[in-house]
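Read through the structure below, which is laid out as structure tokens, and then see the notes.
Each value in this text was obtained by applying a stated rule to the coordinates, not by laboratory testing. All of these numbers come straight from a predicted model, not from anything done at the bench. Positions of Cβ are backbone-derived with ideal geometry, glycine not excepted, and every protein chain shown enters the neighbour counts.
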Amino acid sequence: MSSKTPSCQLYLISPLEVGGDFPARLERALAAGPVAAFQFRVKGLDQHEAAELAAPLQAICASHDVAFIVNDDVALAKRLGADGVHLGQQDGSPKDAREELGRDAQIGVTCHASRHLAMEAGEQGADYVAFGAFFPSTTKDTEHRAEIELIEFWHELFEIPSVAIGGITPENCQPLIEAGADFLAVSGAIWNGDEAANVAAFAEKLK
């Protein structure tokens, strides 16, 4: 459909360790090239701890006009006044999240390799759907493998943007861009090394 912009954008996912020097690393990454969104993904912390870690990162994202998305936790997203939330399949419905967070929130849903889950998410008001993993990931155990044809199928038939995730690097991302992915979600390929150089390498492919 011609109404879609052909451009594909970068969607950064945090490492699990976001204390210490991580705010400085995020600042460097966001300064190195255009990034559309940053997902705050921490596990096993209480909401108060998570909120303290999130605050400086949220401010950095705001200063670069990057959407700040909270992974898995609608209550934390609401507490922080985040730009949105990313829901796994066990994290409740986009419809309920919308009621909690309001109509301007960006709500994304993990749909693995399933057209059916993606269509359901769309019907419930998701702003984007995430498919993957497309490649083996160093960040997360991947039980679901998605094929690039899934992005092509979605891009041709639906207006809701798609996010490709799972082991994506500057070297292997070209087919996903060509297939019509709206966003590339990346974590290890940014943080395992020089984040500024890695963002710049992706930016080169996304022109």
TODO: Report the extension gain between ALA51 and GLU100 in nm, rounded to one decimal, defined as 0.36 nm multiplied by the number of residues separating them, less their alpha carbon distance.
DONE: 15.9 nm
Task: Tensor-based shape of segment 9-205 (alpha-carbon gyration tensor, a/c under 1.5 rounded, otherwise prolate or oblate) - done: oblate
Task: Candidate aspartates and glutamates for bridging to LYS205, where Cα separation is under 15 Å - those fewer than 8 sequence places away on the same chain excluded - done: GLU171, GLU178, ASP182
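At 222 nm, what helix-only mean residue ellipticity would the chain give, in deg cm²/dmol to the nearest 500, using -39500 (n - 2.57) for each DSSP H run of four or more? Mind showing how you got there, number by number?
On the way: 9 runs with 82 residues, N = 207.
Roughly -11000 deg cm²/dmol at 222 nm, from the helical runs in the chain.
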Task: Rounded to whole Hz, the Karplus (6.51, -1.76, 1.60) HN-Hα couplings of segment 87-92, x for glycine and proline - done: 9, x, 5, 9, 9, x
- [ ] Sort 122-131, 49-58 for me by packing, meaning the mean count of neighbouring Cβ atoms within 10 Å per residue, highest on top.
- [x] 122-131, 49-58
Task: Inter-label distance for LEU117 and ASN192, nm, one decimal - labels placed 7 Å from Cα along Cα-to-Cβ - done: 2.3
Task: Local electrostatic count, LYS205, Cβ distance below 11 Å [Lys/Arg +1, Asp/Glu -1] - done: -2
